[in-house]
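What follows is one structure encoded as structure tokens, with my remarks underneath.
The values are calculated or read from the model by the stated rules, or taken from the named source; none is laboratory data. The structure presented is a predicted model; accordingly, all values stated were derived computationally and were not measured. Here the Cβ positions follow ideal geometry from the backbone for every residue, glycine too, while neighbour counts run over all protein chains shown.
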Amino acid sequence: MFVQALFFYLFAAICVASAFMVISARNPVHSVLYLILAFVNAAGLFVLMGAEFLAMMLIVVYVGAVAVLFLFVVMMLDVDFAELRQGFLQYLPVGVLVGCIFLAELLMVVGAWTFGPGVPRAITAPIPPLASVSNTEALGLVLYTRYVYYFQAAGVVLLVAMIGAIVLTLRHKTGVKRQNIADQVARNRDSAIEVRKVRSGQGL
């Protein structure tokens, strides 16, 4: 029990610290790397809770795909962050006002939050039809039956994010020669070869 509590506090502390560094790091590449560290520690917390399938999905999907996609997009966009920070002071009062409104809303929600007497026990109790199956099978049954619409909506959101990343990185810079596959496939002998008759003693 002591070892489990030790690993819990270790994973939780590193996860919170890395999450704070995600929003405080100046370099966006460092922010993505801290995000990957937060995902890895969150996966460790899932393992301690007995949800090994969620931990594996967090590593494979979020670290292996989403975070790496963020990293590639940040590196390929080549954004001038010094130029983006030039108008920071101009919008600072509006940002502070919006932040104060959000903080007041969060304080009101947290202040009025109450737990029912049976809620903690209901959360930890397994679903009766799924009590005899494994963790992975129970998650699959719930995900594709009760929450199938939310699952499909999450898939649409990820599809839109992928298309947006492709659109943002697909930039045609001037002065750069690019290949057009359709023009290359449509070439024939007349357009690919030009025969000229050169007179003797004269150049082209």
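Kindly provide the set of residues from segment 23-40 that are surrounded by fewer than 17 Cβ atoms within 10 Å (Cβ to Cβ) and farther than 13 Å from V68 by Cα, ordered by number.
Selection gives I23, S24, A25, R26, N27.
Considering every residue within segment 102-114, establish whether at least one is at pLDDT below 70, among the hydrophobic types (A, V, I, L, M, F, W, C) and within 22 Å of A55 (Cα to Cα).
Checking segment 102-114: not a single residue is at pLDDT below 70, among the hydrophobic types (A, V, I, L, M, F, W, C) and within 22 Å of A55 (Cα to Cα).
Any idea how many residues of segment 134-173 are assigned to a loop (DSSP other than H, G, I, E, B), at pLDDT below 80 and over 25 Å from L71 (Cα atoms)?
1
Can you find even one residue in segment 17-25 that is more than 18 Å from the chain's Cα centre (by Cα), more than 28 Å from I166 (Cα to Cα) and modelled with pLDDT of 85 or more?
There is at least one residue in segment 17-25 that is more than 18 Å from the chain's Cα centre (by Cα), more than 28 Å from I166 (Cα to Cα) and modelled with pLDDT of 85 or more.
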